[in-house]
1. With a 1.4 Å probe and all protein chains left in place, how much of the accessible area of the chain comes from carbon and sulfur atoms, in whole percent?
2. With a probe of 1.4 Å, find how much accessible area the chain has per residue, and write the answer as a whole number in Å².
3. What is the sum of charges around A5, taking Lys and Arg as +1, Asp and Glu as -1, for the other residues whose C-beta is under 13 Å from the C-beta of A5?
4. Net charge near A36, counting Lys/Arg +1 and Asp/Glu -1 over other residues with Cβ under 15 Å of its Cβ?
5. Could you check the simple spin-label distance between V38 and A24, using points 7 Å along Cα→Cβ, in nm with one decimal?
6. Leaving ligands, DNA and RNA out of it, work out the accessible area of D65 with a 1.4 Å probe and give it in Å² to the nearest 10.
7. If I compute percent of Cα pairs over 14 Å apart from the structure I just sent, which labelled value in (1) 69; (2) 58; (3) 64 lines up?
8. Given charges of +1 on the Cβ of Lys and Arg and -1 on the Cβ of Asp and Glu, with all other atoms neutral, how large is the dipole of the chain about its Cα centre, in debye to the nearest 20?
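The values are calculated or read from the model by the stated rules, or taken from the named source; none is laboratory data. All values reported here derive from a predicted model rather than from experimental measurement. Neighbour counts run over all protein chains shown; Cβ positions are idealised from the backbone, glycine included. Surface areas here come from the heavy atoms of the whole protein model, side chains and all, with no ligands, DNA or RNA. Shrake-Rupley method; radii C 1.70, N 1.55, O 1.52, S 1.80 Å.
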Amino acid sequence: AGLAALDMPVMLLGGERDTLVPQAALTETAKLLKEADVTLIKGAGHAPFMSHHEEVINHCQVFLDNE
């Protein structure tokens with residue numbers, strides 16, 4: 001069970017400057033998933049949905065359009 005059991009596309013979205021959930025954590029998590037895309041928002045910290053909301057919306061829309 002766990003993450004490896006997920007059989008669906010997953011987007012892991014984070015901030016480039018996030019120190020709470022750094023890029024390495026997203027990359028390692030992606031390795032546990034069958035279909036994972038890691039998306040980093042340049043210049044964003046831990047809450048890119050607040051500081052870079054338009055960019056987050058755009059990335060989510062592209063992800064959903066492709067799935």
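1. In the chain, the share of accessible area belonging to carbon and sulfur is 58 percent.
2. With the other protein chains kept in place, the chain gives 69 Å² per residue.
3. -1
4. With Lys, Arg at +1 and Asp, Glu at -1, the net is -3.
5. 1.1
6. Here the residue's solvent-accessible area equals roughly 110 Å².
7. (2)
8. Using only the charged Cβ atoms, the result is roughly 220 debye.
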